[in-house]
Structure formats: structure tokens, C-alpha cells
Amino acid sequence: MSRLGLGTLTWGNCADIESATAQLATFVDAGGSLVETCDGYTGGESQRMLGDAIAKLSVGGMRREQLVLAGRTDVPPGGLSRGALLAALDTSLARLGTDHLDLWQLPFPGSADPGGLDEALTAVQVAVLSGRVRYAGLVGPRGWQLATAVERARGMGQAVVPVSAQVEYSLLVRAVEGELLAAAGHHGVGLLAWAPLGRGVLTGKYTDGTPVDSRGASRALARYVEARRTGPAARIVPAVLTAADGLGTSPLAVALAWARDRPGVAATIVGARDRAQLAAALASDTLTLPDEIRAALDDVSRPHPPA
């Protein structure tokens with residue numbers, strides 16, 4: 001699995017099918033394999049676009065086996081019951097034009113979900129045994145939730161045990177470094193760092209306003225970006241820009257390298273508006289931050305700096 005994952009949140013919002021297909025081709029050509037998708041992105045349109053892109057590139061020789069499809073299932077209308085989850089999974093598979101997900105990622109059941117965790121884990125068990133899913137993971141769990149799911153799943157067979165936790169993690173969002181990171185390390189669960197660029201804010205593009213062609217200017221994604229343009233960003237973004245200038249590289253590369261090399265991170269997931277943006281992210285793969293720069297970024301981004 002590649003250390004950089006291709007996210008598809010922008011597909012159907014900022015990226016059309018031509019752009020999406022070009023992104024996937026560029027990603028695979030560069031050796032990328034991990035592709036993240038979710039049934040909630042643009043009401044399922046993102047998944048349909050991904051399925052179309054896979055089909056188009058397969059004609060040119062790309063094999064489905066080259067991809068690690070990590071599919072997220074948002075809470076369906078019927079809650080996280082076994083039937084509702086399996087129906088949502090089948091809908092995603094049909095949109096994607098594939099018979100299985102390499103990684104099926106689910107939210108942790110809430111108190112209102114019928115059957116709770118046992119029902120969700122049974123859905124995973126059925127999906128694995130039927131060949132529709134290879135491995136399972138959780139989306140945004142707390143540490144105790146991850147530990148509970150792992151321990152409960154062990155009694156149902158190793159194939160049901162979560163192997164990943166997809167969480168937002170960047171220089172702007174480091175809350176996972178407490179309880180969750182410890183739980184993940186203890187149980188051998190890899191973190192998939194979502195939004196490692198701080199939803200685009202860490203690239204510095206919003207320092208002097210909102211570019212008209214950015215996500216921040218998009219009606220669908222403006223609130224998603226605005227949530228990271230306040231508070232800590234005022235001190236962290238300038239530090240990233242300074243580090244990038246000193247290293248002769250881009251702020252994007254600095255932010256990605258920081259997140260990629262954090263303890264416990266199995267892969268970072270980035271979404272791009274177009275092929276050029278994705279190429280810039282792929283180019284950052286060779287960057288390793290010097291210890292002194294990493295330490296400085298660690299210090300400036302600490303959630304609770306010393307008084």
C-alpha cells in the first residue's frame with residue numbers, strides 16, 4: 001500500500017470525470033495504490049466517477065489489483081444495523097464496478113444504533129466471509145472505541161479485527177496524539193491521516209484571502225475549509241511557509257512530510273482539484289524534514305503550548 005493515498009472528496013465538486021480520470025492515471029503511474037472513497041461524497045457521485053475512471057483506465061491496461069480501495073460507509077438511514085450496512089456496502093460496490101473493497105471503514109456505533117457494536121461487527125464478518133471485503137477499519141474513533149472494537153472483534157475471528165483508523169491529522173489537528181494514538185499502537189492499528197494539509201490551509205493559499213478557484217471558494221466545501229482558518233493557523237501556517245522557504249520546497253511538501261512521518265501513521269490521504277495539484281503532492285514523497293525543522297514545527301503546533 002502506498003504511503004500517500006488519493007482522496008476523492010473533491011470528485012463531483014471541484015473535479016469532473018476528465019480531471020478525476022487524469023488524477024487516477026497520474027497516481028497509479030507514480031506507483032500509488034491507496035484510493036479513499038466514501039458513499040457520502042457528493043451523494044454517491046464521487047464513487048460513480050471513481051468506478052468510471054477505473055473502467056476507462058482498465059481498457060488501457062491498469063488492473064483493479066493495482067488499487068487498494070478504502071471505502072468509507074457513512075451512517076445509513078437505517079442506522080448501523082447489519083442489514084443497513086450490508087445494503088450500503090452493496091450500493092458502493094455497484095457504483096465502483098468492483099466485487100470487493102480492500103478496506104471497509106465504518107463509524108463506531110452510537111447509542112441509538114440498533115444492535116450496537118456487535119451488529120456492526122457481524123456485518124463486517126458477513127462481508128469478509130462473502131468476499132465483499134478484505135479488511136475492516138474505523139473512521140474517527142476515540143481511543144476507547146478503537147480498543148473496544150478490537151477486543152470484541154477478536155472473539156469473532158482475526159479477519160474481523162480493525163486494522164486501520166482514518167482520522168483527521170495535521171499540524172493544525174493533533175488531538176489524536178493522546179488516547180487514540182496510544183490505543184492504535186497497542187493494538188497494531190495503522191492510522192490513515194485524513195486532511196494532512198489542514199484542508200488546504202497549510203499550503204498557504206489562504207494567507208491573503210480566498211482564491212476564486214480554491215475549495216474555500218466552493219459552495220460545497222467552503223465551510224470545510226473555514227473550520228481550519230482560525231485559531232492555531234495564524235501561528236502554524238507562517239512556520240510552515242518559513243520551513244518551506246528554507247528548504248527550497250513547497251509548504252504542501254513540508255506539511256505532508258510532517259504528517260507522513262509521524263509515529264503510527266500508515267498513510268496520508270490527500271484530495272486534489274486537478275492533476276497538477278496531485279503531481280505536487282506526489283513530488284513531496286522524497287522529502288524528509290531535518291530534525292531541527294521537525295522539532296520547530298512540533299513546538300509551534302503543540303495543542304497546549306507551555307505557559
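Rule-based calculations on the coordinates, nothing more; no lab input. Since the model is a prediction, treat every value here as computed from it, not as a measurement. Quick reminder, even Gly has a Cβ in these numbers, built from the backbone with ideal geometry, and neighbours come from all protein chains shown.
Can you sort 81, 58 from fewest to most other Cβ atoms within 10 Å of each residue's own Cβ?
Numbers: 81 19, 58 13.
Going from least to most buried by this count: 58, 81.
Two decimals is fine: what's Rg over Rh for the chain, C-alpha atoms, Kirkwood radius as Rh? Show your work: numbers first, answer last.
Numbers: Rg = 19.1 Å, Rh = 19.9 Å.
When Rh is taken as the Kirkwood radius, the ratio is 0.96.
Angle between the Cα long axis of helix 116-129 and the longest principal axis of the chain, 0 to 90 degrees, nearest 10?
80
Which of 10, 230, 268 comes first, and how do the rest follow, when ranked by fewest Cβ neighbours within 10 Å?
Numbers: 10 24, 230 10, 268 30.
Neighbour counts put them in this order, fewest first: 230, 10, 268.
Applying 1/(1 + (r/R0)^6) with R0 = 41 Å to the Cβ-Cβ distance of residue 298 and residue 148, what FRET efficiency is obtained, to the nearest 0.05?
Working: r = 30 Å, r/R0 = 0.73.
E(calc), rounded to 0.05, equals 0.85.
Just to compare against my own numbers: the Cα pair-distance distribution for the range 76-167, 10 Å bins, whole % per bin, please.
18, 54, 26, 1
Take the Cβ-Cβ distance between residue 94 and residue 280 as r, set R0 to 25 Å, and report the resulting FRET efficiency rounded to the nearest 0.05. Walk me through the numbers on the way to the answer.
Numbers: r = 33 Å, r/R0 = 1.34.
Result of the calculation: an efficiency of 0.15.
With the calculation restricted to Cα positions, what are the radius of gyration and Dmax of the range 234-307 in angstrom?
Final numbers for Rg and Dmax: 12.8, 44 Å.
In degrees from 0 to 90, rounded to the nearest 10, what is the angle of the helix 251-260 Cα long axis to the longest principal axis of the chain?
It is inclined by approximately 50 degrees.
Taking every eigenvalue of the Cα gyration tensor of the range 1-123, multiplying by 5 and rooting it, what semi-axes result, largest first, whole Å?
Working through the eigenvalues yields semi-axes of 28, 14, 12 Å.
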